[in-house]
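Below: the structure, in C-alpha cells.
The values are calculated or read from the model by the stated rules, or taken from the named source; none is laboratory data. Remember, predicted model here, so these are calculated numbers, not experimental data. All Cβ positions, even for glycine, are placed from backbone atoms using ideal geometry, and neighbour counts span all protein chains on display. Only protein heavy atoms, including side chains, enter the accessible area calculation; ligands, DNA and RNA are left aside. Shrake-Rupley method; radii C 1.70, N 1.55, O 1.52, S 1.80 Å.
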Amino acid sequence: MSKLIGILAEEEQSSSSVFKAVRYFTNSYYADAITLSGGIPILLLRSSLTSTIISRLDGLLVQGGVDVTPSLYNEEKSKLCGNTQIEEDLFHLEIIKEANRLNKKILGICRGCQIINVAFGGSLYQDLSEFTIFNHKAYEEPTKASHLVKVNKESQLFNLLNKEKVMVNSLHHQALKEVAKDFKVTARAEDGCIEAIEKENILAVQWHPEALRFTDESMINLFSWLCN
Ligand code: MN
C-alpha cells in the first residue's frame, strides 16, 4: 500500500490575483520526490480539521519556507530576520507535535528543520551573517552543491546517504542554535553550522534534498525513508 504523506502547506498573500485570499502551496520538487519514492503527497491546509487528519496519514513532510517567528523561541525579532507568518507557524507547530505524538515519520527540510527544532524547545540564529563564527553563503543555486557537511556515522542519516562527507546545496540564512532535547546533531558544515538533526521518527536537514537529487542520487533516500 502506498503511504500517504502530508505536506504542510506554505502560505502567501496573493499579489497577482484580484482575489486577496491567502494561497496554500508546495512545489513540484517535493511532490515529485514523494511520488518517486512510492508515496502519495497530500497538501495539508490550515484549518481546524487538519489535526484530525494526521491519524489517517503515514508521514509528514515539513518543507522549506519563510522564517519562524522569533517570539516562538523567546527572542525579539532581529532586523535581519526575514518575513514571518505567525498563523502559519502556529498551525505547523500543532501538526508537527500531533504527528510526533502519534509516532508518525517526519522529514523536515530547511525551514522544516528549523520549526521542528522550535517545536521541541530549540532555538535559531535569526541571521547567520550577524555571527562572525559562521562563513555561510545564503542563497545558492538549488540544484548545485554549495558546501561540505560532515555526517555522524552513528545516525540514520549516515545509513541513508552512506557517506561521511557530503556536498549539499545551501539556501538558508538562518540555522539551529540550541538543539531541542531528545534530538542529536547528525551533520555539520565546516564552519560548525548545524545541518541535520534526528531522533527515532524524525529526520531534519538544513539543505534541500528534493532539489539536490537531480545531481546526487543518494538524496532521494531521505524520501524513501519517509515513504516506507
Ligand atoms: Mn548550509
Practice problem: Starting from the Cα-Cα distance between SER17 and LYS165, subtract it from 0.36 nm times their residue separation and give me the gain in nm to one decimal. | Solution: 48.8 nm
Quiz item: Can you work out ³J(HN,Hα) from phi for every residue in segment 191-206, in order, using Karplus 6.51 cos²θ - 1.76 cosθ + 1.60 and θ = phi - 60°, giving whole Hz and x for Gly and Pro?
Solution: 7, x, 4, 5, 10, 7, 9, 7, 9, 3, 9, 10, 10, 9, 10, 7
Quiz item: Given H placed 1.01 Å from N in the peptide plane, which residues other than close sequence neighbours of ALA196 have an amide H under 5 Å from its amide H?
Solution: THR186, ALA187, GLN206
Quiz item: How would you order 70-77, 170-177 from highest to lowest mean count of nearby Cβ atoms within 10 Å?
Solution: 170-177, 70-77
Exercise. Could you tell me the distance between the Cα centroids of segment 199-214 and segment 124-157, to the nearest Å?
Key: 13
Quiz prompt | Calculated from backbone phi, Karplus (6.51, -1.76, 1.60) coupling profile of segment 19-29 in Hz, x at Gly/Pro | solution = 6, 9, 6, 5, 9, 9, 7, 10, 10, 5, 4
Exercise. Apply the Karplus parameterisation 6.51 cos²θ - 1.76 cosθ + 1.60, with θ equal to phi minus 60°, to every residue of segment 77-86 and state each ³J(HN,Hα) to the nearest whole Hz, in sequence, with x for glycine and proline.
Key: 6, 7, 4, 8, 5, x, 4, 10, 9, 5
Quiz item: So, with a 1.4 angstrom probe, what is the percent of accessible area on segment 3-227 that is carbon and sulfur?
Solution: 50
Self-check item: Reach of LYS177 by Cα under 24 Å, taken over lysines that are not fewer than 8 positions away in the same chain
Solution: LYS77, LYS79, LYS97, LYS105, LYS137, LYS150, LYS153, LYS165, LYS199
Exercise. May I ask you to order 28-34, 49-55 by the average number of other C-beta atoms within 10 Å around their residues, highest value first?
Key: 28-34, 49-55
Self-check item: Ratio of the Cα radius of gyration of segment 94-185 to 2.2 N^0.38 Å, where N counts its residues
Solution: 1.16
Quiz prompt | Inter-label distance, nm, simple model (7 Å from Cα along the C-beta direction), THR215/ILE133 | solution = 2.9
Quiz item: Taking Cα pairs under 8 Å and at least six residues apart, what relative contact order does the chain come out at, in percent?
Solution: 21
Practice problem: Quick one: which residues, 5+ away or cross-chain, put their amide H under 5 Å from the amide H of ILE7? H built at 1.01 Å from N. | Solution: ILE42, LEU43, LEU44, LEU61
Self-check item: Rg to Rh quotient for the chain, alpha carbon positions, Kirkwood Rh
Solution: 0.94
